[in-house]
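Heads up, the thing below is written out as structure tokens.
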Amino acid sequence: MSPFWPQALPIEVLAVEQPRQLRWQGQEYPIQQISDHWRVHTGWWDGETWRDYWEVATEGALWVLYRDLLAGRWYLERVYE
């Protein structure tokens with residue numbers, strides 16, 4: 001079973017146009033592959049959500065991250081180990 005955080009957890013991500021490396025619990029993980037990317041833009045009428053989601057692979061794990069485009073922050077939603 002993979003950890004899933006419905007509220008998501010803040011995470012540090014090094015990115016230019018796409019994520020290149022992430023830091024989680026004091027350890028750095030170079031991103032080896034981007035598996036998927038999608039954008040969610042909803043609720044503009046009552047509390048907007050605008051996010052870029054990334055499914056990325058590092059050595060030994062698959063991560064689902066998103067960048068809150070309104071706040072400019074990165075979050076971790078799920079890890080498959």
(message) Can you give the FRET efficiency to the nearest 0.05 for Q32 and Y53, using r as the Cβ-Cβ distance and R₀ = 25 Å?
(response) 0.85
(message) Defining a contact as two alpha carbons under 8 Å apart and six or more residues distant in sequence, what relative contact order in percent does segment 4-80 show?
(response) 29 percent
(message) Please compute the length gained on full extension between Y80 and T42, using 0.36 nm multiplied by the number of residues separating them and subtracting their Cα-Cα distance.
(response) 11.0 nm
(request) Report, by chain and number, residues whose modeled amide H sits under 5 Å from the one on I11, excluding near sequence neighbours (fewer than 5 apart, same chain). (result) W74, Y75, L76
(request) Compute the Rg to Rh ratio over the chain from the alpha carbon atoms, using the Kirkwood formula for Rh, and round to two decimal places. (result) 0.97
(request) Rounded to whole Hz and in sequence order, give me ³J(HN,Hα) for segment 67-76 from the Karplus expression 6.51 cos²θ - 1.76 cosθ + 1.60, θ = phi - 60°, writing x for Gly and Pro. (result) 10, 6, 6, 7, 9, x, 10, 9, 9, 9
(request) Give the longest segment of the chain that steers clear of chymotrypsin sites (Phe, Trp or Tyr not before Pro) in DSSP loops with at most 11 neighbouring Cβ atoms within 10 Å, not counting the sites themselves. (result) 1-43
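Bear in mind that the values in this text are calculations on the coordinates, not laboratory data. Remember, it's a predicted structure, so these values are computed and weren't measured experimentally. Ideal geometry is used to build each Cβ from the backbone, glycine not excepted, and the neighbour counts take in all protein chains shown.
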